[in-house]
Amino acid sequence: MQRWIRGFGGTRGAGRAGLLVVLFGFSWPHAHAQGQIPGQTQGQTQAPAQDQQSPPTIVVFGDSQAAGLARGLQRVLAEDPRFRVLNRTHAGASLVHDQNDGLTINFNGDYPGGVTVVGELVVAGVALSGAINRLQSALIDINSADVRLATLEQTVSSLVTLAGASVIPSWQNKSEVEQGGLTAPSATELGLIVQFQFDRLVPNFNHEDVTGISPPPGSAVRRGSTVLVTINLQG
């Protein structure tokens, strides 16, 4: 039995799917077609019954455009007993030359199972697996730094408490200054005296947003200290 495989690719055009086709065919050797099998004598010319019942087969794999090719071959060879065409295509656009002159894989989400790459994927000469490993290593370092930072914050908070001081939070609006928020205690809870001053129509700030704090957020001050908070007014 002889086999052959052929691959074809590519129409160009904005937003048009590329032709992704694989043809797989198999047929009996020429000697079989003549009714003679190697090793037979001249009088032994009859091919096996399975040879006579197995016409050469063309199998078409690919996407939507390959399906058009398969249907065309089926029409052309419909009355030709020497060939059989099998359509094994899948509707959808696997490779598309898009409107930005780029190549899009799985255009329009036609393959809901996603795209699987087996083996190394190289983009612009860079192996993605190496880049991913470096990114994972960086994330581990960041997580470790977060743990150390949280420990340091707890230590500073304990020292501030022992010293009878308070750390000025980064209040976002007047309500947080007076009532506290999810992460920012109110001025009263911290034992601080707040003096408000007001601006009007400050760009990028909403009504009663805090536009300034003095001393700045993060400063440790004694309880009972005065903090100047600037509030934006829209009216």
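FYI, it's all coordinate maths here, none of it is from the lab. A quick note: this is a predicted structure, and the numbers were derived from the prediction, not measured. So basically every Cβ, Gly included, is an ideal-geometry build from the backbone, and we count neighbours across all protein chains shown.
Brief remarks follow.
- Summing charges over neighbours of residue 202, with a neighbour being any other residue whose Cβ is under 14 Å away from its Cβ, gives -1 when K and R count +1 and D and E count -1.
- Scanning residues 5 or more positions from residue 227 or on other chains, those with amide H under 5 Å from its amide H are 193, 194, 195, with H placed 1.01 Å from N in the peptide plane.
- Placing unit charges on the Cβ atoms only, positive for Lys and Arg and negative for Asp and Glu, gives region 165-233 a dipole magnitude near 220 debye about its Cα centre.
- Of all DSSP-defined beta bridges confined to region 165-233, some 50% are antiparallel rather than parallel.
- Mean Cβ neighbour count within 10 Å, used as a protection proxy, ranking 209-219, 99-109 highest first: 209-219, 99-109
- For residue 233, residues with placed amide H under 5 Å, excluding near neighbours: 199, 200, 201, 202, 208
- For region 67-132, the orientation-averaged shadow of the C-alpha convex hull comes to 7.4 nm² (one quarter of the hull surface).
- Normalising by residue count, region 131-235 has a Cα convex hull of 125 Å³ per residue.
- Amide H contacts for residue 59 (H built 1.01 Å from N in the peptide plane; partners 5 or more residues away or on another chain; cut-off under 5 Å): 24, 25, 86.
- Over region 86-178, volume per residue of the alpha carbon convex hull, in Å³: 257
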